[in-house]
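A.B. asks: Provided herewith is a single structure, encoded as structure tokens, for subsequent inquiry.
The values are calculated or read from the model by the stated rules, or taken from the named source; none is laboratory data. None of these values were measured; they are calculated from a predicted model. Virtual Cβ from ideal backbone geometry, glycine too; neighbours counted across all protein chains shown.
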Amino acid sequence: MRYLITGGCGSIGSELARQLVARGDEVVIIDNLSGGSLQNIADIADQVECCIADVCDPNHRLLRALIGSSNAVFHLAASLGVKLILEKPIETMHNNVEGTRLVLDAASHTRCPVLVASTSEVYGLSTRVPFCEDDPIVLGASSRRRWSYANSKLHDEFMALAYMQERGVPSIVTRYFNCTGRQQSSRYGMVVPTFISQALAGRPITVHGDGTQTRCFSDVRDTVQATIRLMDAEAFGQVVNVGSQNEITIGDLARLVKQRTGSASIIQHIPYSEAYSEGYEDMPRRVPSLDKLQRFTGFVSSTPIAEIIDRTARWMESQLSAESLLNVA
Ligand code: UDP
């Protein structure tokens, strides 16, 4: 099979490319390198085709040609990360909504299957535990910039389902819950790479608020395995949570990162208003129901959080030593 991965140089995209080529599939990547990097696919560079281009490019011929010659598309290219979303909401909304529309539109010419990556962020302020795919959505006010991201991804979900209904594009929506691991940059403020880079540098580990908020973290390898299985299972027309039920408070996560990395860093609590902006709304808990994922794929994410931290820390250390070698050279 020949797969197109948009955003294939990012954390999930590069791992997806790796797992697909390992089982003998052909992989083509389109990535504008805004969030990802070629370094992420260095080990498989001679086994994938990579186009450095933007899915939102007004010249759609490239995207059309790439989709026309693929058996299916994994559409992962998006603007994400709370930091970026708060700083650049227009760019975020444009990239997410227009990029997905262009991909679905191009796919409609050959009725090429498309998996559209969405996010647990769309559950917004809902307090249900766990979150089920058919739960009502409770989004925050439009005056809170954070929700523009959830809104843009929710729009993508509606588009994916509408293109299936009206234009015959077999589509799947995956809602990712705090996927983390190797190749996730700390640049966009995601908590696991941020804590690990702080711990490795001996800087304070910055816990927002009182640290009692929880998240469920899953390893990028498990996330990708689930994603591939959903495409293999042809779960078309479905919206599916992808994640783990490895729940941990952010305070405990900070302590675990400190312990696993042997760091002397202090743990520092920072008010949300300082970390982000006044009026920032965080979710106290975010737990996925994985029943649907299990029903379609028989898969459960199993990597313990300590192992995710260890692997990510080793990867970050290798990046740091490669950088310092370059600086010396
Ligand atoms: N967080 C934190 N310190 C950081 C970065 C994030 O305490 O340096 C917190 C953040 O406020 C949230 C949780 O960690 O409560 C997860 O944040 P992330 O941005 O990784 O994901 P999301 O909020 O989208 O679940």
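A.B. asks: Quick test for you: out of S197, S171, S263, pick the one residue that is surrounded by 18 or more Cβ atoms within 10 Å (Cβ to Cβ), farther than 26 Å from Q319 by Cα and among the hydroxyl-bearing types (S, T, Y).
C.D. replies: On the way: S197 fails: farther than 26 Å from Q319 by Cα; S263 fails: farther than 26 Å from Q319 by Cα.
Just one listed residue meets the conditions, S171.
A.B. asks: Here is a further query. Examine the range 247-257 for a residue that is within 12 Å of the ligand (Cβ to nearest atom), of a type in the set (V, I, T), in contact with a Cys (Cβ under 9 Å, 6 or more places away or on another chain) and outside any strand (DSSP E or B), and state whether such a residue exists.
C.D. replies: no
A.B. asks: Would you check if L86 is surrounded by fewer than 20 Cβ atoms within 10 Å (Cβ to Cβ), more than 30 Å from Y272 (Cα to Cα) and modelled with pLDDT under 95?
C.D. replies: In short, no.
A.B. asks: Looking at (1) closer than 25 Å to Q165 by Cβ; (2) free of Cβ contacts under 8 Å to residues at least 60 places away in the same chain, which is the only condition R229 fails?
C.D. replies: Every condition holds for R229 apart from (2).
A.B. asks: Here is a further query. Taking the criterion of being touching a residue at least 24 places away in the same chain (Cβ under 8 Å), assigned to a loop (DSSP other than H, G, I, E, B) and either of a type in the set (S, T, Y) or over 27 Å from V103 (Cα atoms) (or both), would at least one residue in the range 144-165 satisfy it?
C.D. replies: yes
A.B. asks: Please find, among A22, A53, the residue that is over 24 Å from V192 (Cβ atoms) and either touching a Gly at 6+ places or on another chain (Cβ under 9 Å) or without any contact (Cβ under 8 Å) to a residue 12 or more places away in the chain (or both).
C.D. replies: Checking each option against the conditions leaves just A22.
A.B. asks: Here's another thing I want to ask about it. Residue under question is D134, and the condition is that it be assigned to a loop (DSSP other than H, G, I, E, B) and either at pLDDT 95 or above or away from the ligand (no atom under 16 Å from the Cβ) (or both); does it hold?
C.D. replies: It is true that D134 is assigned to a loop (DSSP other than H, G, I, E, B) and either at pLDDT 95 or above or away from the ligand (no atom under 16 Å from the Cβ) (or both).
A.B. asks: Another question, then. I'd like the full set of residues that are within 16 Å of the ligand (Cβ to nearest atom), closer than 24 Å to T227 by Cα and touching a Gly at 6+ places or on another chain (Cβ under 6 Å), limited to the range 77-106.
C.D. replies: Scanning the range 77-106 gives G81, V82.
A.B. asks: Another one. Across the range 170-220, which residue is farthest from the ligand (Cβ to nearest atom) among those that are in contact with a strand residue (DSSP E or B) (Cβ under 8 Å, 6 or more places away or on another chain) and of a type in the set (K, R)? Talk me through it step by step, then tell me what you get.
C.D. replies: Our first condition is that a residue be in contact with a strand residue (DSSP E or B) (Cβ under 8 Å, 6 or more places away or on another chain); within the range 170-220, this holds for 170-181, 190-195, 198-199, 204-220.
Okay, now just the ones that are also of a type in the set (K, R), so 175, 215.
Values: R175: 12, R215: 5 Å.
By that ranking, first place goes to R175.
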